Amino acid sequence: MKRGELYRVHNATKEDPKHYRIFLVVSRQLLIDSRFSTVICAPIYTNYEGYPTQVPLGIDEGLKHESAIYCDNLASLPKSTLTDFVGTLSAAKMQEVDSALRVALQI
């Protein structure tokens, strides 16, 4: 598992009406490689409203629909749930994610 990878997670949260949602791993690699059982992820939604905390994605990144990473809705997920690999974001797209995370976390 690496930072910048997309995974389909089934029943990630009880509040989510979807049976699965795609998440982007945003934790630093040191944490991902550690013995900690969870990593920080950003969910992908099909709505894109143009907020600076959202990063647009689409077919180029391996998705079925135009979507967006919601960097202001981070979740800590067990590594064991991240088994259905979808794809990896490009370095340029990860730079956009980093910018959106800075806005979301006000750093």
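The values are calculated or read from the model by the stated rules, or taken from the named source; none is laboratory data. Nothing here was measured: the structure is a model prediction, and the numbers come from that model. All Cβ positions, glycine included, derive from the backbone under ideal geometry; neighbour counts span all protein chains shown.
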Report yes if some residue within the range 74-86 is among the basic types (Lys, Arg) and over 14 Å from the mean Cα position of the chain (by Cα); otherwise report no.
no
Counting only residues that are more than 11 Å from the chain's Cα centre (by Cα) and more than 16 Å from VAL103 (Cα to Cα), the range 32-56 contains a total of 10
Conditions (1) touching an Asp or Glu at 6+ places or on another chain (Cβ under 8 Å); (2) of a type outside the set (Ser, Thr, Tyr); (3) under 22 Å from MET1 (Cα atoms): number failed by ALA104
(3)
Mind counting the residues in the range 32-42 that are part of a strand (DSSP E or B) and not aliphatic (A, V, I, L, M)?
2
Being closer than 12 Å to GLU5 by Cβ and of a type outside the set (Val, Ile, Thr) narrows it down to one of LEU63, LEU82, LEU57, so name that one.
LEU82
When the residues of the range 5-31 are narrowed to those that are at pLDDT 95 or above, surrounded by 13 or more Cβ atoms within 10 Å (Cβ to Cβ) and assigned to a loop (DSSP other than H, G, I, E, B), which ends up nearest to the chain's Cα centre (by Cα)?
VAL26
